[in-house]
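Okay, structure first, notes after.
The values are calculated or read from the model by the stated rules, or taken from the named source; none is laboratory data. All values derive from a computational prediction rather than experimental measurement. Glycine gets a Cβ as well: all are built from the backbone with ideal geometry, and neighbour counts include every protein chain shown. Note: accessible area is taken over every heavy atom of the protein model, side chains too, but ligands, DNA and RNA are not part of it. Shrake-Rupley method; radii C 1.70, N 1.55, O 1.52, S 1.80 Å.
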Amino acid sequence: MLPDADDLPELLLDLAVPHEDINELVALRRTVAGDPGLLRLLAECAEEVLRDPDEPGRTPDLDARLASVPAALEHTFAVFVFLAVLPHTRARHRERGIPSEISRRTLADLGRQLAVHRRRHGRAGVQSWRWLAHHFRGELYQLGRLQFERARLGQRSSAAMRAAGLHATPGTPCLNLHIPDFHGPLTPSACDRSLELARQFFTAHFPQERPVAAMCHSWLLDAQLKRYLAARSNIVRFQERFRVVREETEPADTEPVQFVFGDPDLPVAELPRRTTVERAVGDHLRAGGHWYIGHGWFPLHEWFRSPDGAHSTDGAHSTAGSRSMDGSRSMDGSRSGPISSNE
């Protein structure tokens, strides 16, 4: 269930866990391993994460179980759940022929989540176990600058694509695109490279799914950013890749505050103005404006060709499923993109 105590530090480093968290996690391993009740709970949680592996998008039901752990493990028990799941995740990756480097970089999001938690709360902990469940279930992959999650279209997304002349129906496979933090500027060249890596990856390792479009749900797609950023800025050029699915009406002001400044609860009046993006986010809010999640897509059907060499224009060949992509939000906001220096 758990890695040997002597092996744990190196394993945590492989998962990009911050150095300052490693000693604490190694010490807490003794607490978990020495308590039969906690080991049973760990086994139940691991089994729940791995259940129904052919249903991408299923969020494991762990809330009640994680709520029962002792206070000393409240923020870190999920780390041990994912450590218990890790051998199974790696085995599934090998079965798909997924290269070890892609596996390593994908699962290193565990360390990123610990870094986000420490930045916000000043202590070890997992920022969002729900988000990481997609990685350890084999649904989401880090491919260069961007992350790609296997998904299916919902009603509104498929309707928007049909209006644009693309054959798409609810349930058609797509990819949900996420922009992780702590990963450098969102340059056009980095995005182009990620998309090419994704084309190669999904045609090689999930050939039956044939996603018809890439979807993105992010505050970085809020068109209001064009009022503040240069036309050739990375964010504006990223926006220009997408067609609009729908306009959001519910404000999401804490989204840019969280991912630009690191804490969604910072007083708006005190937000720094050190960079272009920081000034854009803070000045807009101080002027009484709101920020919104943008919902965008672009076609991927030309990634795939039929046996006679013609382009495929539908994704009806897939048998894999996922949650609807009609605006559902990532649990950690990784769709929200780079920190303020990466405009």
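Check whether at least one residue in the stretch 166-185 is open to solvent by less than 20 Å² (accessible area, probe 1.4 Å), among the aromatic types (Phe, Trp, Tyr) and farther than 14 Å from Phe298 by Cα, and report yes or no.
No; the residues of the stretch 166-185 include none that is open to solvent by less than 20 Å² (accessible area, probe 1.4 Å), among the aromatic types (Phe, Trp, Tyr) and farther than 14 Å from Phe298 by Cα.
How many residues, within the stretch 206-256, are in a strand (DSSP E or B) and open to solvent by 30 Å² or more (accessible area, probe 1.4 Å)?
We begin by selecting, within the stretch 206-256, every residue in a strand (DSSP E or B); these are 213-218, 243-246.
Filter again for open to solvent by 30 Å² or more (accessible area, probe 1.4 Å), leaving 243-244, 246.
Here the count works out to 3.
Of (1) in contact with a strand residue (DSSP E or B) (Cβ under 8 Å, 6 or more places away or on another chain); (2) modelled with pLDDT of 95 or more; (3) among the small types (Gly, Ala, Ser), Gly144 satisfies all except one. Which?
It fails just one condition, (1).
Residues to consider are Val26, Val49; find the one that is closer than 30 Å to Arg199 by Cβ and in contact (Cβ under 8 Å) with a residue 12 or more places away in the chain. First the steps, then the outcome.
On the way: Val26 fails: closer than 30 Å to Arg199 by Cβ.
Of Val26, Val49, the one residue that is closer than 30 Å to Arg199 by Cβ and in contact (Cβ under 8 Å) with a residue 12 or more places away in the chain is Val49.
Within 21 Å of the chain's Cα centre (by Cα) and within 30 Å of Gln200 (Cβ to Cβ): is that true of Val260 in this structure?
On the way: within 21 Å of the chain's Cα centre (by Cα): yes; within 30 Å of Gln200 (Cβ to Cβ): no.
For Val260, the condition - within 21 Å of the chain's Cα centre (by Cα) and within 30 Å of Gln200 (Cβ to Cβ) - is not met.
Output the residues belonging to the stretch 190-246 that are more than 19 Å from the chain's Cα centre (by Cα) and among the polar types (S, T, N, Q).
Residues satisfying the conditions are Gln200, Thr203, Gln208, Gln224, Ser233, Asn234.
Report, by residue number, each residue of the stretch 264-280 that is in contact (Cβ under 8 Å) with a residue 40 or more places away in the chain and surrounded by 15 or more Cβ atoms within 10 Å (Cβ to Cβ). Please lay out each step first, then the result.
Here is the first cut: in the stretch 264-280, the residues in contact (Cβ under 8 Å) with a residue 40 or more places away in the chain are 274-280.
Matches in the stretch 264-280: Thr275, Thr276, Val277, Glu278, Arg279, Ala280.
Hey, could you check the stretch 100-131 for residues that are open to solvent by less than 60 Å² (accessible area, probe 1.4 Å) and free of Cβ contacts under 8 Å to residues at least 60 places away in the same chain and say which is farthest from Asp265 (Cα to Cα)?
Ser103
Show the residue pairs that are 6+ apart or on different chains and have beta-carbon atoms under 8 Å apart, the first residue being within the stretch 218-240 and more than 15 Å from Gly282 (Cα to Cα), the second being charged (D, E, K, R) and open to solvent by 10 Å² or more (accessible area, probe 1.4 Å).
So the pair list comes out as Ser233/Glu343; Asn234/Glu343; Ile235/Glu343; Val236/Lys226; Gln239/Lys226.
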